[in-house]
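Below you'll find the structure, written out as C-alpha cells, and then a few comments.
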Amino acid sequence: MRNHYDQKALFKAPPPRQLLYWQKALLWQSLGFLIVVVLTWSDALFDLAHVILGLPHRDFDVYRTALTTVVLMLLWLFSAYKIYLVVSRLSYLENFLHVCAWCHKIEYNKEWLSLEAHFTQKTGGRVSHGICPECSAKLARRAQECSAADSNSHSAANATGVRLMNAGPDPHLLDLNGGVEKPV
C-alpha cells in the first residue's frame, strides 16, 4: 500500500506568515459590491442593456432597482461578516509561535532561537532558571524512590559480595544547587 504522506513534505518548514487584515479584505469586497450597485443603477437609469446589447427598451422602475439594491446590500453584509470571521481566524492562527517538535526552538523573524534567546530578544530581560513547586515535588518523589531502590540494591549486593558501581547521577534528575537560581 502506498504511503499517503510525501516524505519531503514532512520535513518542510511551515509556510511563511501572511499579514492578512480583515479591513483590507473587506475593502476589496466592498469595492466589488459598490461596482455591482453602481452598474445596477446605471442600467436602470440609462438602460445599458438596450444601449450596449441592443435588447428591447425598458422603462425605469425605481422599486425594482431599490429592491435589487437592498438584496445586494444584505448579501454584502452577510459576506462581509463571513470574510471578517475567516480573516480574523487566519490572523489569529498566524500569531502562533512555530515551535520545533524535536528541539523546542522557536521561529522568530525567520530565525530559530532557544526559548531563553527568544525571551531575551522579545523582552530584553535576563533569563534565570529555577524550579516550580510541582516539579520540585516530582523531583523529591523521584529522589526518594531512587534512594529507596539504591538502598535495596546495595543491601542485596553486599549480601552476595558484589560491589555496585555508581555510573553517575541520573540524567533525568535536576541539580537543585540548594535552591539557588543560576543565570544563563
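Do the conditions hold for ARG58, that is, is it basic (Lys, Arg), over 21 Å from VAL38 (Cβ atoms) and in the same structural domain as SER42 (by TED's automatic domain parsing)? Give the steps one after another, and end with the answer.
Details: basic (Lys, Arg): yes; over 21 Å from VAL38 (Cβ atoms): no; in the same structural domain as SER42 (by TED's automatic domain parsing): yes.
The answer is no for ARG58.
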Notebook entry, point to check: From the list LEU97, LEU48, LEU53, which one is surrounded by 10 or more Cβ atoms within 10 Å (Cβ to Cβ), at negative phi and of a type outside the set (Asp, Glu)?
Noted result: LEU48
Notebook entry, point to check: Can you pull out the residues in the stretch 63-94 that are of a type in the set (A, V, I, L, M, F, W, C), exposed (fewer than 12 other Cβ atoms within 10 Å of the Cβ) and modelled with pLDDT under 85?
Noted result: LEU93
Item checked: Answer from ALA44, ALA66, ALA49 - the residue that is in contact (Cβ under 8 Å) with a residue 12 or more places away in the chain and either touching a Lys or Arg at 6+ places or on another chain (Cβ under 6 Å) or not acidic (Asp, Glu) (or both) -> ALA44
Next item on the list: Select from the stretch 126-161 the residues that are part of a loop (DSSP other than H, G, I, E, B) and surrounded by 10 or more Cβ atoms within 10 Å (Cβ to Cβ) and write down the one among them that is modelled with the lowest pLDDT.
Entry: VAL127
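Just one of ALA137, ALA80 is free of Cβ contacts under 8 Å to residues at least 12 places away in the same chain and more than 16 Å from the chain's Cα centre (by Cα); which is it? Give the derivation first.
On the way: ALA80 fails: free of Cβ contacts under 8 Å to residues at least 12 places away in the same chain.
None of the others qualify; the one that does is ALA137.
The values are calculated or read from the model by the stated rules, or taken from the named source; none is laboratory data. Just so it is clear, the model here is predicted, and its values are computed rather than measured. Quick reminder, even Gly has a Cβ in these numbers, built from the backbone with ideal geometry, and neighbours come from all protein chains shown.
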